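Worksheet: the structure to be examined is printed underneath.
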Amino acid sequence: MLGSTRVRLLIVDDDPGVQEAYRFSFHPEGRAETRSIETRTTPLSISHDAERLRSASLPTFDCTFLDQGVDAVSEIRRALDENRPYQVAFIDIRMPPGINGKETARLVRLLDPDINFVIVTGYSDVSPAEIIEVAGPAEKLFYLAKPFEPAEVVQTAIALGKRWEVDRELAAARATLAQQVALLEQQAAELEANERRAIHVASHDALTDAPNRLAFQNALTERARRPGPFAVAMVDLDRFKLINDTLGHLAGDEMIREVCAILKATMPGGGLVARLGGDEFGLLFETVGEEAALMACERLVAACDVSFRVLGDTVHGSVSAGVVAAGDSGSRDPVDLMRRANLALNEAKRSGRNVARLFDKSFEEGIRLRRRIEGNLSQAIARGELGMLFQPIVTTEAFEIVGFEALLRWHATEFGPISPSTFVPIAEESNLIHELGDWVLAKSLEVLNDWPSQYVSVNFSPRQFRRHNFVGYVVEQVQRAGVAPARLQIEITETAIFDDAERAAETMYRLRQMGFRIALDDFGTGYSSLYNIRKFALDSLKIDRSFIEGMARERESAAIVHAIIHLGRALGLGVIAEGVETDGQVAMLRAAGASHLQGYLFARPISADEAATLAQAGFAYAAAGEPDGSLGTGTGG
């Protein structure tokens, strides 16, 4: 405050003598001698302290002298506009004929809330309380009595100037602190919002904004701790991969969002719909028992059995559901409940899809049996329990045998004969399918040396076909067996080639270029048949036995068979009808134009030795009016 510090003062007094006293007090160096001003209108005395003030190291006082309150108000306004505010105002109370000191202080305070007032008066009929009321606060309002000593007025100016600076610094510090507090509050709010978003992202699916697997498991765990019955269900979209592969993943994503919306809208009140991953949803809802839980899931399945408009295409959707009800007694373990709901879902899929199934303990028995079968299957080759049978494929007109389909059989020591429809899917779900497939291909190629010219047709599972370097593997096997590629027909289903159509097309093209035959098995049962035969390199189509069986009694089956045959012929493909069992079927297939037949009417699946004998004969006679067909006739399919 000392030295170079400047204090801006506004002095408002209508008495010239008082103003002279102020000048002497704040600028004593400007006077040649000390003199008394008692002769002025307002008596003031200057003591011997004036000499000390001259020699003291004081701040620089920047004083403005005015004799009327109205002028003081205007000056305060100008100073504020120029950003040169006054720190202290010394104001007389009586200043006729203009406004008095009280009104002056009131108007100045309205303009400048920071300035300090010093009311200087010898007599006043205005009380301090009245001035505080209009020009407060009290801590910015001070009093001096006339006459005053220079030291008194100077010290007051210095103290109030310093206080003004401190107040400004404190105000700036408070403003800065307030800004920092506001910034911290904003950052805290942003952090809280980010935390909420992070928690939401961590617990919700990005595609549907439904709770994800983690959130579902947490909700299920929390619900299992509380009493009362509830239900857990698993829902899968039926044939969802077909939509992804034919219309693209964007369409698949839109389909998932549509189904999720339907599930939420149809869900029992208070229930939770979560997307667990892919096309799988988890449901958690209150229920009174198993029947009510199943009915709720059946309503959900029915609601999803609709046509959707997806990216300009109309797609028919459906879902399968498995549900388990948890009562107050019995298992309420979340992991076990989800496992049971999944078992019920698998049963719904095996039942033909677009249905809901309630968990039954027999499902667990089936799983345990499947595990036992899988365990035995891993030892079947070493134990010599596997065997190969062969069924001839003949021309439609002359019944000439052109090839044999290789059929795997398993006679397990523990279980006895097990159908391929039972153990092949189990092998497909594990890596056993590769070991099993290698054995089948090797045994199938071995018998070709005993046949004059026929080919062997071997079924390859989807996992085998998608095997890394499948082409190289097959080539190596035929070279090792010493047979021509044309004597091996590779039978695959639409499922085998549908997962990765581009890669499948390339694989099939390479196989055809090397001379292998390729047949599309069970044609007509899939959902992309026309697409597949247009895109992929094929030699023949095999009509599923279900259509052949229904030809005589179902007009629709007969129409499908005729359509497939005509389509195959138009594309230059052979058409093999499977499951031929009657002369009537032969006549109908001949009339329709099928190129080849296969079924019990010509021969049951027979051993390698019997197949060699039949191959040497070259013909299978089975139809009425033809030579005896005792070599290969049989009953059944």
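When THR495, THR422 are compared by accessible area at a 1.4 angstrom probe, the order from most to least is THR495, THR422. Of the peptides 185-197, 131-143, 596-608, the ranking by mean beta-carbon count within 10 Å, highest at the top, reads 596-608, 131-143, 185-197. The gain in end-to-end length when the ARG503 to GLN616 segment is fully stretched comes to 36.8 nm, 0.36 nm per residue minus the alpha carbon separation. Residue by residue, the stretch 309-317 carries 3J(HN,Hα) couplings of 9, 10, 6, x, 10, 8, 10, 8, x Hz when phi is fed to the Karplus relation 6.51 cos²θ - 1.76 cosθ + 1.60 (θ = phi - 60°); x denotes Gly or Pro.
Using a Förster distance of 60 angstrom, determine the FRET efficiency expected from the C-beta separation of LYS264 and GLN379, and round it to 0.05. Don't skip to the answer; put the middle values down first.
Working: r = 49 Å, r/R0 = 0.81.
With R0 = 60 Å, the Cβ-Cβ based efficiency is 0.80.
Taking Lys and Arg as +1 and Asp and Glu as -1, the other residues whose beta-carbon sits under 15 Å from that of ARG84 total -2.
If I stretch the segment between GLU554 and ASN218 completely, what's the gain in nm (0.36 nm per residue apart, minus their alpha carbon distance), one decimal? Could the numbers behind the result be given before it?
Details: separation 336, 0.36 × 336 = 120.96 nm, distance 5.23 nm.
That works out to 115.7 nm of additional length.
The heavy atoms of MET267 present about 20 square angstrom of accessible area, all protein chains included, probe 1.4 Å.
Against the empirical curve 2.2 N^0.38 Å, the C-alpha radius of gyration of the stretch 130-178 lands at a ratio of 1.45.
To the nearest ten degrees, helix 334-350 and the longest principal axis of the Cα atoms of the chain are 40 degrees apart. Using a probe radius of 1.4 angstrom, the carbon and sulfur fraction of the accessible surface of the chain is 52%. Once the Cα atoms are used to define both axes, helix 290-304 deviates from the longest principal axis of the chain by about 90 degrees. Candidate cross-link partners of LYS535 among the aspartates and glutamates, defined by an alpha-carbon separation under 18 Å and a same-chain spacing of 8 or more, comprise ASP245, GLU491, GLU494, ASP499, ASP500, GLU502, GLU506, ASP521, ASP522.
For the stretch 222-239, backbone phi angles converted through the Karplus equation (6.51, -1.76, 1.60; θ = phi - 60°) give residue-by-residue couplings of 5, 5, 5, 6, 8, x, x, x, 8, 10, 10, 10, 10, 10, 10, 6, 7, 6 Hz, Gly and Pro being listed as x.
Between MET514 and ALA171, full extension at 0.36 nm per residue minus the direct alpha carbon distance yields a gain of 114.5 nm. Spacing of the modelled spin labels on LYS146 and VAL201, each 7 Å from Cα toward Cβ, amounts to 7.5 nm.
Once all protein chains are placed together, SER362 keeps about 60 Å² accessible to a 1.4 angstrom probe.
Using a Förster radius of 25 Å, what is the FRET efficiency between THR5 and ASP112 based on their Cβ-Cβ separation? Nearest 0.05, please.
Working: r = 20 Å, r/R0 = 0.80.
It comes out at approximately 0.80.
Taking one quarter of the surface of the convex hull spanned by the alpha-carbon atoms of the chain gives a direction-averaged projected area of 51.9 nm². The simple Förster model, with R0 at 22 Å and r as the Cβ-Cβ distance, assigns GLU365 and ARG409 a FRET efficiency of 0.30. Extending 7 Å from Cα along the Cβ direction at ARG84 and again at SER421 yields two label points whose distance is 10.6 nm. Working note: Karplus 6.51/-1.76/1.60 with θ = phi - 60° gives the stretch 248-255 the couplings x, 5, 5, 5, x, 5, 5, 4 Hz, where Gly and Pro are set to x. Under a 5 Å amide H cut-off, with hydrogens placed 1.01 Å from N, ALA356 pairs with ALA321 among residues at least 5 apart or on other chains. Amide H contacts for VAL118 (H built 1.01 Å from N in the peptide plane; partners 5 or more residues away or on another chain; cut-off under 5 Å): ALA89, PHE90, ILE91, PHE142. Put simply, the amide H of GLY403, placed in the peptide plane, has neighbours under 5 Å in ILE393, TYR455, leaving out anything fewer than 5 places away on its chain. Taken as Cα centroids, the stretch 392-448 and the stretch 194-221 sit 47 Å apart, rounded to the nearest whole angstrom.
Counting heavy atoms of the protein chains alone, THR314 has an accessible area of about 100 Å² for a 1.4 Å probe. Calculated on C-alpha atoms, the gyration radius of the stretch 305-400 divided by its Kirkwood radius gives an Rg/Rh of 1.22.
The values are calculated or read from the model by the stated rules, or taken from the named source; none is laboratory data. As the structure is a computational prediction, the values presented were derived from the model and not from experiment. Cβ atoms come from the backbone with ideal geometry, glycine included; neighbour counts cover every protein chain shown. Each accessible area value is taken on the protein alone, full model and side chains, heavy atoms only, with ligands, DNA and RNA left out. Shrake-Rupley method; radii C 1.70, N 1.55, O 1.52, S 1.80 Å.
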